[in-house]
Amino acid sequence: MQGLDDISVFVKVVQSGSFTQAARLLSMPNATVSAKVAALERRLGVTLIHRTTRKLHITQAGEAYFRRCVAALDEIQAAETEVTSSQSAPQGVLRITAPIDIGHTILPGLVREFLMKHPQMQVDLVVTNRVVDLVAEGVDVGIRAGELEDSTLMSHKFVTASVSLWASPAYAKKAGLPAHPEELSKHEMVRFSDENFLKVTLMNGKERFELAPKGRISADDFSSVKEFVVQGSGIGLLPGYLCVEESKKGRLVSVLPQWSLGLGGFSLVYPSQKFVSPKVHAFVRVAVEALK
């Protein structure tokens, strides 16, 4: 089949949503990416993509061609993976994305363990609270919190975490600590600004308490919330895995320890494919084993 490389470039342009992003992911100059798509269009005799200064638009013919090409390339990738997976150790670059809190706590240890076990591998991290499109941005595996919304991804739950209330000893000495969640209204709270935390349900066995945290400080990642809490700015809702070391050092104390938001969790996610690459399989195995 002619122009397989041109087809691969066209598919990456559509998946990433821009010629510039495709060029970055493919490590090609922008001009080369544009030229390959143009060559494919000349060979087919149709326009696949309308270019404008702001964005690209896929033509009807381009959409139909894209669907067929993706399926064909997936079959080729599956064939290569099936042939090589049993013959060689994982090698190359593994791109991982994770939320900032995980990127600063759990992930470094997992990456270190993974690289020790697979010396031919390299790791490229995308640490962000933004939900990364794994296919469009060329990411092999992601770590996601909560329930998985994208049904096109495979998932493997590997961490559970309880979110509960914490404060610094300095704050506890200055303001005292509540004996019941009802007393939290009298306290300054450092708020996690995610919309799911604007109003939460604290649980103590069968007892429930609806809490709408109030406070002058809010942040969009737990690590920042934790730092403000450690400094004595108020009481904060934090996942337990973030507080272990600070608690051991006496910098954080548990508030209303019998009350919590219950167990949440993190999952490893990766694009659904007929044959998952050896490097993704290897990382999943290391992560699950390390965090048992």
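Within segment 223-233, the set of residues being part of a helix (DSSP H, G or I) and modelled with pLDDT of 90 or more comprises S224, V225, K226, E227, F228, V229, V230. Test V229 against the criterion of being β-branched (V, I, T) and more than 30 Å from P90 (Cα to Cα), and give yes or no. Yes, satisfied.
When the criteria are applied in full, G250 meets the requirement of being out of contact with any strand residue (DSSP E or B) (no Cβ under 7 Å at 6 or more places or on another chain), modelled with pLDDT of 90 or more, assigned to a loop (DSSP other than H, G, I, E, B) and surrounded by fewer than 16 Cβ atoms within 10 Å (Cβ to Cβ). For segment 253-286, filtered to residues that are modelled with pLDDT of 85 or more and in a strand (DSSP E or B), the residue that is surrounded by the most Cβ atoms within 10 Å (Cβ to Cβ) is L268. Only residues that are of a type in the set (D, E, K, R), touching a Gly at 6+ places or on another chain (Cβ under 9 Å) and either at positive phi or surrounded by 12 or more Cβ atoms within 10 Å (Cβ to Cβ) (or both) were counted in segment 184-218, giving 2.
What are the residues in segment 80-114 that are touching a Lys or Arg at 6+ places or on another chain (Cβ under 9 Å), at pLDDT below 75 and not charged (D, E, K, R), if any? Answer for segment 80-114, where residues must be touching a Lys or Arg at 6+ places or on another chain (Cβ under 9 Å), at pLDDT below 75 and not charged (D, E, K, R): just T81.
Given the structure, is D124 at pLDDT 85 or above and in the same structural domain as V288 (by TED's automatic domain parsing)? First the steps, then the outcome.
Working: at pLDDT 85 or above: yes; in the same structural domain as V288 (by TED's automatic domain parsing): yes.
Judged against the criteria, D124 is a match.
The values are calculated or read from the model by the stated rules, or taken from the named source; none is laboratory data. Please read all numbers here as calculations on a predicted model, not as lab measurements. Here Cβ is always computed from backbone atoms with ideal geometry, including for glycine, and neighbour counts include all displayed protein chains.
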